[in-house]
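K.L.:
Pasting a structure here, questions to come.
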Amino acid sequence: MKTPSRSLMAPLAVMLAIPALVSAQGPFLPLRTERAPIIDGRLDDAVWSEAPYVSDFRTWAPDYGKAMVGDTRTYMAYDGNNLYFAFRAFDPEPDKIKASVTNRDNIRRDDWICINLDSFNDQQSLYALYVNPLGIQGDTRYAAGKEDGGFDMVWYSSGQIDDEGYTVEVSIPLKSIRYSDGDTVSMGVIFERRISRQSEMGTFPPLDPAEQEWLTQMHPMVYRRLQQHTLLEILPAVTYTNGRSHEAGTLSTIRDEGDFSLTTKYGLSSDLVFDGAFNPDFSQVEADAGQVDVNLRYGRSFSRAERASISVLRGCRNGTRSAQLSIRAQSSIRLLEPNSAASSAARTHWRRSTLPTSYRTPR
């Protein structure tokens, strides 16, 4: 059998390194790599010369199905610990790209790209991860008909503007998201781009104007041999209080004590998470926003708006009796010094999830 000469093998190697354009037919199959890209906003890593990509974004605002002002390419790769995406957003007028160095979640008026990721591919919820041309992040979580703009998770991004438009790289640690167990994991995705000066937004795959639901239009994306991470968070805290009183010219100690608290979060499975707390600071339990206070002389109120969960409180001080509370939408709790608490949260499967018409309106 005749073997190819070296002169013929070199062009073949170059051809194999060309990334493949993926159509909307069949699931996306991101490239598995052992060479993680450096998230610096430059698409010069070897993985991007081999990873499959999609293109041909079509508008959904202000009109459906039109070609966008600039072409967009989205590359897909992964390893055992992270999902990787890269975007090449072409723009015929790069000097008019709108990008600001600003706080997280404050980029909606900029140009941006977005990864809408349904990590279970069950049409129930999605992560929306936004990045502007300078790499500034924004993220939301959509579930049960509501978009949570206060959601923040750990992920990495970087972006750069150049003469052709801009480029963005994204790394999503698998520890930051929840997904199905198994050797083969199917997720759903819609890639999105906004061009600010045109008030233009487009997606791949293109959206069907007859459908009002994004979650039912997610395109499947298949991963293999992802590592399954056990969720475990332990947050200990120690406080010390010293109180003194000045009476009749004498300064005396009236309170001198320390206190210990512990909050934990443990993933029982990909669908069930247990939260527990001993002598907790309730601003650190579940998803309540952290609060810092000095010389607190009143009970703090922690909103549990738009949540459905069960919390059990035992042995509360200041005369409060043991009680079991059912926390529902727009409810709140007001406690001074609770001793312990526990709750669990599980994914609820609805028949169908519908996005309100206000979702993804032009910003």
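K.L.:
Work out how far the C-alpha atoms of region 75-179 reach from end to end along every principal axis, then list the three figures in whole Å, largest first.
P.N.:
Cα spread of region 75-179 along its principal axes, largest to smallest: 40, 30, 22 Å.
K.L.:
At most 15 other Cβ atoms within 10 Å and a DSSP loop assignment: could you name the trypsin sites (Lys or Arg not before Pro) in region 25-106 that fit?
P.N.:
Listed in order of number, the matching sites are ARG35, LYS66, LYS98, ARG104.
K.L.:
What fraction, in whole percent, of alpha-carbon pairs in region 27-101 exceed 15 Å separation?
P.N.:
Beyond 15 Å sits 63 percent of the P(r) for region 27-101.
K.L.:
Then there's this: Taking the Cβ of each residue in HIS246, HIS219, HIS229 as the centre, tally the other Cβ atoms inside 10 Å and list the residues starting with the fewest.
P.N.:
By the 10 Å Cβ count, ascending: HIS246, HIS229, HIS219.
K.L.:
Something else: Return P(r) of region 23-149 (all Cα-Cα pairs; 10 Å bins starting at 0; whole %; ordered from short to long distances).
P.N.:
Once binned at 10 Å, the Cα pair distances of region 23-149 give 11, 35, 42, 12, 0.
K.L.:
Further question: Which aspartates and glutamates have a Cα lying under 16 Å from the Cα of LYS96, excluding residues fewer than 8 positions away in the same chain?
P.N.:
Filter leaves ASP71, ASP110, ASP111, ASP162, ASP163, GLU164, GLU200.
K.L.:
Taking LYS265 as the anchor, which lysines have their alpha carbon closer than 20 Å to its alpha carbon, excluding any fewer than eight residues away along the same chain?
P.N.:
The reachable lysines, counting only those whose Cα sits under 20 Å from LYS265, are LYS175.
K.L.:
Separate question: For region 142-181, take the convex hull of the Cα atoms, compute a quarter of its surface area, and give me that in nm², please.
P.N.:
4.8
K.L.:
How large is the convex hull of the C-alpha atoms of region 119-190 per residue, in Å³?
P.N.:
Each residue corresponds to 111 Å³ of Cα convex hull volume.
K.L.:
Could you list the GluC sites (Glu not before Pro) in region 156-243 that lie in coil according to DSSP, counting only those with at most 14 other Cβ atoms within 10 Å of their Cβ?
P.N.:
Passing both the DSSP loop test and the Cβ count: GLU164, GLU211.
K.L.:
Something else about it: Return ASP259, ASP45, ASP122 ranked ascending by Cβ neighbour count within 10 Å, so the fewest neighbours appear first.
P.N.:
ASP259, ASP122, ASP45
K.L.:
Shifting gears a bit: Rg(Cα) of region 176-229 divided by 2.2 N^0.38 Å?
P.N.:
After normalising by residue count via 2.2 N^0.38 Å, the value is 1.48.
K.L.:
Counting Lys +1, Arg +1, Asp -1, Glu -1, what net charge surrounds THR72 among other residues with beta carbon under 13 Å of its beta carbon?
P.N.:
-2
K.L.:
Could I ask something else about it? What does the charge count near SER158 come to, summing +1 for each Lys or Arg and -1 for each Asp or Glu among other residues with Cβ under 11 Å from its Cβ?
P.N.:
So the surrounding residues net to -1.
K.L.:
Could you bin all the Cα-Cα distances of region 146-240 into 10 Å bins starting at 0 and give me the percent of pairs in each, rounded to whole numbers?
P.N.:
Per 10 Å bin, starting at 0, the Cα pair percentages come out as 10, 28, 36, 18, 6, 2, 0.
Every number here is computed from the coordinates shown, using simple stated rules; none is lab data. Since the structure is predicted, the reported quantities are computational estimates derived from the model, not experimental observations. In this analysis, Cβ positions are derived from the backbone assuming ideal geometry, glycine residues included, and neighbour counts consider all displayed protein chains.
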